[in-house]
Amino acid sequence: MIKVEHIGIAIKGLSEANELFHKLFGKAHYKIEEVGSEGVNTSFFQMGETKIELLEATRPESPIAKFIEKKGEGLHHIAFEVADIRAEMQRLQAEGFQLLNETPKCGADNKLICFLHPKSTGGVLVELCQEIKPQDA
Ligand code: ZN
């Protein structure tokens, strides 16, 4: 893994949360992006080399809706940038980590992503992400 690419925070309402985190960080989000396949609306704040991703559910079956139902708003996942997501998925699976998807999916921000089950990672939902290169598209 290369670096912390972003930290995901589950929130109930994106516009209220954008205002709150704008005040907290002293700067505004730089983009909003819907990921239909995951049932989420996201907004991103650039914090130096890393980013904060706010996640709002767009439908009741969304993983974010379920998370907030169980745990309330708050820290949701840590995303790590990897150079080759398929190789990293293979390596982690061989190490005994449980992947939540067998093949990479398209996430926000032009990334291929894969989540690891928090049961296998000390209770932390871990996201792997790799920039989508032309040959992956
Ligand atoms: Zn994320």
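The values are calculated or read from the model by the stated rules, or taken from the named source; none is laboratory data. It should be emphasised that the depicted structure is a prediction, and the values quoted were computed from it without experimental measurement. Here Cβ is always computed from backbone atoms with ideal geometry, including for glycine, and neighbour counts include all displayed protein chains. The protein model used for the area step is the full one, side chains on, heavy atoms only, and it has no ligands, DNA or RNA in it. Shrake-Rupley method; radii C 1.70, N 1.55, O 1.52, S 1.80 Å.
In the set (1) modelled with pLDDT under 95; (2) of a type in the set (D, E, K, R); (3) assigned to a strand (DSSP E or B), GLU102 fails one condition alone, (3).
Within the stretch 105-130, being hydrophobic (A, V, I, L, M, F, W, C) and either within 15 Å of PHE67 (Cα to Cα) or not in a strand (DSSP E or B) (or both) holds for ALA108, PHE115, VAL124, LEU125, VAL126. Within the stretch 3-20, the set of residues being open to solvent by 20 Å² or more (accessible area, probe 1.4 Å) and either of a type in the set (Ser, Thr, Tyr) or more than 15 Å from the ligand (Cβ to nearest atom) (or both) comprises LYS12, SER15, GLU16, GLU19, LEU20. Residues in the stretch 42-61: is at least one within 14 Å of the ligand (Cβ to nearest atom), open to solvent by less than 20 Å² (accessible area, probe 1.4 Å) and part of a loop (DSSP other than H, G, I, E, B)? No, the stretch 42-61 contains no residue that is within 14 Å of the ligand (Cβ to nearest atom), open to solvent by less than 20 Å² (accessible area, probe 1.4 Å) and part of a loop (DSSP other than H, G, I, E, B).
Just one of the listed residues (GLU61, GLU88) is over 15 Å from ILE9 (Cα atoms), of a type in the set (Asp, Glu) and free of Cβ contacts under 8 Å to residues at least 24 places away in the same chain, and it is GLU61.
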